[in-house]
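To start, the structure itself, in structure tokens.
Just so it is clear, none of the values below were taken in a lab; they were calculated from the coordinates. Quantities reported herein were computed from a predicted structural model and do not represent experimental measurements. Note that we place each Cβ from the backbone using ideal geometry, even for glycine, and neighbour counts take in every protein chain shown.
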Amino acid sequence: MAEALRIVVADDEAPARAKIKRLLKEDPRFAMVGEAEDGSATVAQVQALRPDLLILDIQMPGLTGFEVLQALAPPLPR
């Protein structure tokens, strides 16, 4: 079996993060490696963990999802 996709989840709403984490946990194709509740923390998590996939909320405190993408250097996660 292929290696699981490494995922960071970024959402300022804890219930939304919890639901995504629960869904990911049920599927062996995915491994959640980090989570963030604001834009700045998202940038830090992506830079430190270099995930394959980023599940990104658009409206977050600090930086929006679009500003997070602009702040990251390539290669970007999917």
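Brief remarks on what is shown
- Check on Arg17, of a type in the set (Lys, Arg) and touching a residue at least 24 places away in the same chain (Cβ under 8 Å): no
- Filtered residue count, segment 14-73, keeping only those that are within 27 Å of Glu3 (Cα to Cα) and hydroxyl-bearing (Ser, Thr, Tyr): 1
- Qualifying residue in segment 17-31 (condition: touching a Pro at 6+ places or on another chain (Cβ under 6 Å) and charged (D, E, K, R)): no
Results for (1) acidic (Asp, Glu); (2) touching a residue at least 40 places away in the same chain (Cβ under 8 Å); (3) surrounded by fewer than 18 Cβ atoms within 10 Å (Cβ to Cβ), shown as yes or no for each residue.
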residue: Ala2; (1), (2), (3): no, no, yes
residue: Leu5; (1), (2), (3): no, yes, yes
residue: Glu35; (1), (2), (3): yes, no, no
residue: Gly39; (1), (2), (3): no, no, no
residue: Thr42; (1), (2), (3): no, no, no
residue: Gln45; (1), (2), (3): no, no, no
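- The condition of being of a type outside the set (A, V, I, L, M, F, W, C), loosely packed, with under 13 Cβ neighbours inside 10 Å and out of contact with any Gly (no Cβ under 6 Å at 6 or more places or on another chain) holds for Arg29.
- Boolean, Val9 is among the β-branched types (Val, Ile, Thr) and within 21 Å of Phe66 (Cα to Cα): yes
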